[in-house]
Amino acid sequence: MKLLSSLLLLLCLTLLCAQGTSSDLQSLRLKVAQNPIDAESRLSLAYQLMLSGNSAEALKHYETLLKQDPEHAQAMEGSLWALQVQERYQKSVERARAFLKHSPEHSSILSYQAYGLSQLGLHLAARARYARAELLARDDAARQSAKLGLAWEYIYLQDHPSAMAMLDSSQDPQAMEFLNKARLKLSLGASTNYDGLNSGTLTVALHKAQWGLAASYEELLLDGSRFRKKLGATVDWQNPVANLKASVNTLSGRDKRVYPAVLYSLSMQPIFYLDQLLVKPSLTGHYGSYHRFDIQQADLGLQISGDRLSGGYSFSTLYQDNDALDSDTQEQLHSANLGIKAYKDAWLRAYLYLGEAAWWTNPYGVVYDDFETKNTVYGLSISSPIGKKMGILIYSQIGTHNDETDFSSALTLSYSM
């Protein structure tokens with residue numbers, strides 16, 4: 001009986017509040033009808049309409065205010081609010097761009113534009129807008145809003161140290177939970193050269209906050225029989241100075257001239273932001289101990305990425321220290337890549353590798369453990385998410401060596417949980 005009475009009381013209060021809101025709306029509508037140039041009443045009406053869920057009508061009133069005064073700051077913010085409630089993000093970005101011509105230092109408009117860009121998947125552009133909004137903010141509310149937006153953009157960009165720095169003064173439980181949540185990713189890959197050489201790879205990666213661990217297993221088959229297997233482990237740590245990664249791979253196989261072998265790698269990659277660009281220089285060292293020789297390799301690279309375009313270059317110098325006297329060799333290798341966002345989150349990338357690649361570890365961790373490898377390789381890949389948890393990568397390449405050409409392909413499927 002008490003429960004029923006409480007429910008009836010709650011229902012009555014809800015109805016009274018609804019009647020009060022309806023009464024306020026009718027009163028404001030009447031004021032606006034009687035005096036169409038009453039900006040204060042029209043602004044209040046638009047705000048009440050937004051709170052009642054009628055964003056379409058509210059947008060009309062905000063647009064009327066802007067016709068009366070193109071520099072009406074609250075009307076600018078209100079129209080962007082209404083557009084984004086309707087999920088018209090592209091339109092909101094365009095309107096924000098127009099508003100910023102009149103008010104280039106308006107922090108809240110920059111934040112609205114940044115949110116629209118983020119919803120369109122343009123996270124580097126959104127990061128740049130939020131950063132400027134934080135710089136121009138004139139009050140704590142605008143500053144904290146921009147910082148929280150910045151934190152989420154760094155999360156999307158997988159820059160956890162920068163995200164944590166933004167959350168120090170504007171704690172958000174959802175963002176903190178997302179940062180500290182452990183994420184597991186499984187990847188299954190297969191490749192072939194269409195001429196008796198095939199491989200399969202399984203990788204398990206675990207990331208939590210600024211740390212990551214990964215383990216991989218690869219089996220290489222030659223003419224249908226086992227030829228070589230590779231076991232690998234990687235640990236990476238993101239810190240405010242640079243991303244550090246260390247890995248070790250063990251190889252064993254039928255060719256006794258080469259195996260068993262152990263390869264070690266250590267890389268350092270700082271991160272810089274240049275307006276809407278992400279700049280990642282890198283320095284990597286590799287050491288490989290094979291059965292009859294050792295490999296020493298140093299790489300210097302640079303990757304520059306935007307929301308729709310990316311490109312990079314890496315230079316490698318490789319020294320092979322053979323057991324036999326006076327037989328050491330040294331090679332220089334070059335690799336380049338160029339990517340374009342083809343559709344939504346699908347990326348199309350082209351690759352070029354130049355140089356004698358025997359015993360080389362390329363910038364993506366692929367080990368060329370072969371006496372005869374290609375001098376020039378042209379590659380093409382397409383990668384795309386499948387839903388929210390899966391992803392696909394298709395890669396094909398054409399390699400040339402001593403006027404001979406061969407073709408190979410690889411497919412990788414991933415699942416995140």
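Each value in this text was obtained by applying a stated rule to the coordinates, not by laboratory testing. Note that the coordinates shown come from a computational prediction; the quantities given were computed from them, not determined experimentally. Cβ sites come from the backbone with ideal geometry, for glycine too, and all protein chains shown count toward neighbours.
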Review point. Ranked highest first by average number of other Cβ atoms within 10 Å, how do 38-50, 365-377 line up?
Key: 38-50, 365-377
Review point. Taking the Cβ of Ser267 as the center, what net charge do the other residues with Cβ under 10 Å away carry, scoring Lys and Arg +1 and Asp and Glu -1?
Key: -1
Check your understanding: Of Tyr273, Tyr343, how do they rank once you tally other Cβ atoms within 10 Å and put the fewest first?
Key -> Tyr343, Tyr273
Review point. Which one, (1) 24.9; (2) 25.7; (3) 27.0, gives Kirkwood radius over Cα pairs in Å as derived from the coordinates shown?
Key: (2)
Practice item. May I ask for the net charge around Leu333, where only other residues with Cβ less than 14 Å from the Cβ of Leu333 are counted and Lys, Arg are +1 while Asp, Glu are -1? Key: -2
**Study point:** Gain on full stretching of the segment that runs from Ala298 to Ala98 - 0.36 nm per residue minus C-alpha separation
**Key:** 67.1 nm
Study note, to complete from the structure: For Lys60, the lysines lying under 20 Å Cα to Cα, once residues fewer than eight places off in the same chain are dropped, come out as Lys31, Lys91
**Study point:** Max mean-square fluctuation residue, GNM over the chain, Cα-Cα springs under 10 Å, options Gln330, Gln26, Gln320
**Key:** Gln26
Exercise for review: Mind ranking 310-318, 119-127 by how tightly packed they are, going by the mean number of other C-beta atoms within 10 angstrom, highest first?
Suggested key: 119-127, 310-318
Review point. Taking the simple approach of a point 7 Å from Cα along Cα-to-Cβ for both Gln174 and Asp275, what is their distance in nm?
Key: 3.2 nm
Check your understanding: Can you sort Thr192, Thr361 by how many other beta carbons sit within 10 Å, fewest first?
Key -> Thr192, Thr361
Practice item. Anything over 18 Å Cα to Cα? Flag those among Lys101/Lys344; Lys229/Lys374; Lys229/Lys256; Lys208/Lys280; Lys185/Lys341, in the order listed. Key: Lys101/Lys344; Lys229/Lys374; Lys208/Lys280; Lys185/Lys341
**Study point:** Extension gain from Tyr287 to Glu71, taking 0.36 nm per residue of separation minus the Cα-Cα distance
**Key:** 71.5 nm
Review point. Among Val85, Val241, what is the fewest-to-most ranking by other Cβ atoms within 10 Å?
Key: Val241, Val85
Practice item. Could you work out how far apart the two model spin labels at Ile382 and Ala209 are, taking each label as a point 7 Å from the Cα in the direction of the beta carbon, and quote it in nm? Key: 4.1 nm
**Study point:** the stretch 390-417 versus the stretch 130-183: alpha-carbon centroid distance in Å
**Key:** 37 Å
